[in-house]
Amino acid sequence: MDSDEENVEEIIEGPLDEDGQPHGCCTITYSSSDRFEGHFVHGEKNGRGKFYFFDGSTLEGFYVDDALQGQGIYTYEDGGVLHGTYMDGELNGPAQEYDSEGVMIFKGQYKDNNRHGECWVYYPVSRNGTCKSTLKQFKAATLTMFHLTKFLLFQLCFTGPLYTFDKSTSSCISTNCLLPDPYETMRVYVADSLISNAGEGLFAKTSAESNTVLAFYNGIRITHHEVDCRDWSLNGNTISLDEETVLDVPYPYNNIRKYCASLGHKANHSFTPNCMYDTYVHPRFGPIKCIRTVKAVEKDEELTVAYGYDHYDSARSGLEAPEWYKKGLQSFQADQKNQEQN
């Protein structure tokens with residue numbers, strides 16, 4: 001915020017020293033349209049000064065030997081304000097941020113221009129309890145305290161790796177396939193399924209109430225036409241996202257040693273499931289599906305969902321589903337009929 005190294009000086013207004021350098025109260029306008037007004041000593045900023053940046057933001061404070069030192073005020077183009085502590089032109093130390101309406105949204109520490117350590121983050125909450133924002137970078141945080149007033153006031157301790165927005169494409173499932181989701185990591189794990197011939201399954205790491213999101217189903221984004229035109233053996237980890245898009249976890253990403261950024265695809269099918277698929281807008285993956293409980297589950301209980309092969313293909317004159325599902329459905333229906341008769 002405080003560097004003009006890439007700027008080329010265009011206009012200097014004010015007194016100059018014998019070498020033609022600004023000396024005293026001067027205004028310098030750069031080729032980038034940035035402007036600085038303040039006090040100079042032989043070409044270096046020394047004393048009070050203020051930058052006016054081309055995007056409408058500003059930065060003011062006290063300069064020593066051409067670098068901002070101590071308290072500085074950065075005003076964003078939208079009217080939000082950051083009161084920070086600067087060392088050699090970099091944010092290092094306590095800071096507070098306010099939105100354009102003067103409501104505090106952050107209180108904590110900065111290190112090398114990044115939020116660092118234990119901080120307060122203030123999220124305005126609407127009447128229905130939601131808070132919408134677009135995240136570009138974020139870290140996992142531990143909620144250590146909160147206070148309910150007009151706003152929910154959170155005290156968060158930021159830890160762990162840096163996450164970035166990482167929406168999949170038709171060819172890339174993730175730019176960091178082995179970076180686990182911190183929420184999911186606390187709630188589920190993968191182990192051998194208790195269902196015969198099902199391979200691996202998804203299990204609850206802790207007990208959970210009904211209507212609890214436990215896992216996420218991310219995948220490459222392909223079309224329904226692609227899915228319909230290929231063999232069922234290639235569709236073992238596909239799920240419809242919407243009318244246009246299918247999420248797919250293809251080989252080798254079905255192996256958790258190759259991909260563990262999300263684990264929802266590891267949940268196996270049951271005709272009496274304890275979970276369901278639901279839509280979800282994930283801060284890292286964007287619009288995906290999630291695994292949500294439909295009843296309370298216990299720690300180490302296997303999580304199951306209904307795969308939903310319940311539609312018929314008129315061209316094929318029958319249920320459009322893999323053979324294992326058809327056989328399982330026949331067995332389930334037979335058991336249901338026997339129970340009704342008994």
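The values are calculated or read from the model by the stated rules, or taken from the named source; none is laboratory data. Predicted, not measured: the structure shown is a model, and the values here were computed from it. Positions of Cβ are generated from backbone atoms using ideal geometry, with glycine treated the same way; all protein chains shown enter the neighbour counts.
Miscellaneous remarks
- When residues of region 42-62 are limited to those that are among the acidic types (Asp, Glu) and either more than 15 Å from Thr75 (Cα to Cα) or modelled with pLDDT of 95 or more (or both), the one surrounded by the most Cβ atoms within 10 Å (Cβ to Cβ): Glu60
- Hey, Gly47 more than 27 Å from Pro94 (Cβ to Cβ) and of a type outside the set (Val, Ile, Thr) or not: no
- Every condition in (1) under 21 Å from Arg115 (Cβ atoms); (2) buried (at least 16 other Cβ atoms within 10 Å of the Cβ) is met by Thr29 except one, and the failing one is (1).
- Qualifying residue in region 256-277 (condition: over 29 Å from Asn176 (Cβ atoms) and buried (at least 20 other Cβ atoms within 10 Å of the Cβ)): yes
- Matching residues, region 247-269, being modelled with pLDDT of 95 or more and either acidic (Asp, Glu) or assigned to a strand (DSSP E or B) (or both): Leu247, Asp248
- Test: residue in region 218-241 that is of a type in the set (Ser, Thr, Tyr), in the same structural domain as Pro287 (by TED's automatic domain parsing) and within 15 Å of Phe285 (Cα to Cα): no
- Hits in region 73-108 - residues which are in contact (Cβ under 8 Å) with a residue 40 or more places away in the chain and either buried (at least 16 other Cβ atoms within 10 Å of the Cβ) or in a strand (DSSP E or B) (or both): Tyr74, Tyr86, Gly89, Glu90, Leu91
- The test for being part of a loop (DSSP other than H, G, I, E, B) and either within 30 Å of Leu178 (Cβ to Cβ) or at pLDDT 75 or above (or both) holds for Lys295.
- Cβ-Cβ under 9 Å pairs, at least 6 apart or on other chains, region 27-44 side assigned by TED's automatic domain parsing to the domain that holds Thr58 and more than 13 Å from Gly14 (Cα to Cα), far side part of a loop (DSSP other than H, G, I, E, B) and of a type in the set (Val, Ile, Thr): Tyr30/Val8; Ser31/Val8; Ser32/Val8
- Set side by side, the residues Thr130, Thr159 differ, and just one is modelled with pLDDT under 80, within 17 Å of the chain's Cα centre (by Cα) and closer than 30 Å to Val246 by Cα, which is Thr130.
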